[in-house]
Amino acid sequence: MSTKQKNILVISVIGVIVLVLLILVILSNHVTLNDDYTVGNTAGNLNNNGYFCEYDGRVYFANAYDGYSLYSMNPDETDIKKLHGGSSAFVCAAGDYVYYSMANASGGSDLGSVRGSYGIYRTKRNGNGSTGLDRCHVVSMQLCGNYLYYQKLDPRSSVSLEKVKIDKKDKATVSDTAINPSCYVNGTIYYNGTENDHYLRTLDTATDTSRVAWEGDIWNPIFQDGYVYYMDVSDNYKLCRYHMSDGVVEILTKDRVDLFNVYGSYIYYQTSSKTEPALKRMYIDGTSPEIVSEGVYQNINITSQYVYFNTFKEPTPVYKTSTFGPVNVVTFDAGMQAALKEMD
């Protein structure tokens, strides 16, 4: 082989290597898109800070025992893994990724991980490749198809609704008013008014246009099976439901309610009482109410197997009970043990 032929061969090999590396870089940066109706987490979980999110056989959660760092586990709490440090909330998952808001992030060890930051992030489901999508303070967030819709708090303490595509493109302001995007169903965000009224409103995410759906006096709507579950502002925040087709309102509780979550056939809710506050549950039609635990609790997050919650203003211990089985409140020891293992 002549010197010229050797040079051509070397150049060809180098060219192939460069091409392969370029293809690998492109593939690694490619973001697989979702179906337009993909939902990142349940409205009930996100209205309770979105600390737990179940998707495709895994639960992604902000572990309060480790400063709300992002973890994953099986629904039965086995195979717990830490994915990312920093204080996480509004966890959503779909396709190849987990999305979450972060404050006081400590970052990860991977190249390109974000340190000492805050905002909205996307990471692979194994915790690799954290990417910042917007640097902002988040009030609430939901994955709606291929966009993250989020309430953004600016330095002047005003709240706007923003959106950004999951590949970090098409960032835009949707509304200068406070719109909670947590309840997303079939291309529509259901939310309550916050300025002149508390009417039930809908936002069509295909056009980002809104309309009044019902002139109720509602707070934190959750849509399920044709019903909108909500707290009635004008009737002492009793828990009610409104049927979207026949317009019938049903009052589900006599109690004033501070917060609630709907999952399958159950509603879990915190009652507001100076003398007998309690976390309770009942069927979605308001029947068979029972006490889960006496006291004042918050952050009611539900997975297919467990309901997680904590005492008001006390992040730990985290408590749990079976979602559908008999009430048996115990502590979330698996989360604590996983955190302790990380600290060793």
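The values are calculated or read from the model by the stated rules, or taken from the named source; none is laboratory data. Remember, it's a predicted structure, so these values are computed and weren't measured experimentally. Note: ideal-geometry Cβ built from the backbone for every residue, glycine included; neighbour counts use all protein chains shown.
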I want to confirm something. Restricting to segment 51-71 and keeping residues that are buried (at least 22 other Cβ atoms within 10 Å of the Cβ) and small (Gly, Ala, Ser), which single residue is nearest to LEU143 (Cα to Cα)? ALA62
Across segment 264-282, what is the total count of residues that are surrounded by fewer than 14 Cβ atoms within 10 Å (Cβ to Cβ) and in contact with a Ser or Thr (Cβ under 8 Å, 6 or more places away or on another chain)? 1
Taking only segment 245-260 into account, find how many residues are more than 24 Å from the chain's Cα centre (by Cα), surrounded by fewer than 22 Cβ atoms within 10 Å (Cβ to Cβ) and assigned to a strand (DSSP E or B). 7
Suppose we keep only residues that are out of contact with any Ser or Thr (no Cβ under 7 Å at 6 or more places or on another chain) and surrounded by 15 or more Cβ atoms within 10 Å (Cβ to Cβ) within segment 206-219. Which one would you say is farthest from GLY247 (Cα to Cα)? ASP208
Looking at this structure, is ILE222 without any contact (Cβ under 8 Å) to a residue 40 or more places away in the chain, buried (at least 22 other Cβ atoms within 10 Å of the Cβ) and within 18 Å of GLY286 (Cα to Cα)? no
Residues (part of a helix (DSSP H, G or I) and of a type outside the set (Asp, Glu)) located in segment 317-344: ALA334, GLY335, MET336, GLN337, ALA338, ALA339, LEU340, LYS341, MET343
Count of segment 293-310 residues which are closer than 16 Å to TYR269 by Cβ and either among the polar types (S, T, N, Q) or part of a loop (DSSP other than H, G, I, E, B) (or both): 7
On the basis of being at pLDDT 95 or above, under 23 Å from GLU290 (Cα atoms), in contact with a helix residue (DSSP H, G or I) (Cβ under 7 Å, 6 or more places away or on another chain) and part of a strand (DSSP E or B), does ILE222 make the cut? yes
Can you find a residue that is modelled with pLDDT of 95 or more and out of contact with any strand residue (DSSP E or B) (no Cβ under 9 Å at 6 or more places or on another chain) anywhere in segment 207-217? yes
Any chance GLU314 is within 20 Å of SER87 (Cβ to Cβ) and part of a loop (DSSP other than H, G, I, E, B): yes
Residues satisfying the stated conditions in segment 75-96, i.e. crowded, with 22+ Cβ neighbours inside 10 Å, at pLDDT 95 or above and of a type outside the set (A, V, I, L, M): SER88, PHE90, CYS92
Selected residue (only one of TYR190, TYR242, TYR268 is part of a strand (DSSP E or B), in contact (Cβ under 8 Å) with a residue 24 or more places away in the chain, of a type in the set (Phe, Trp, Tyr) and under 21 Å from VAL139 (Cα atoms)): TYR190
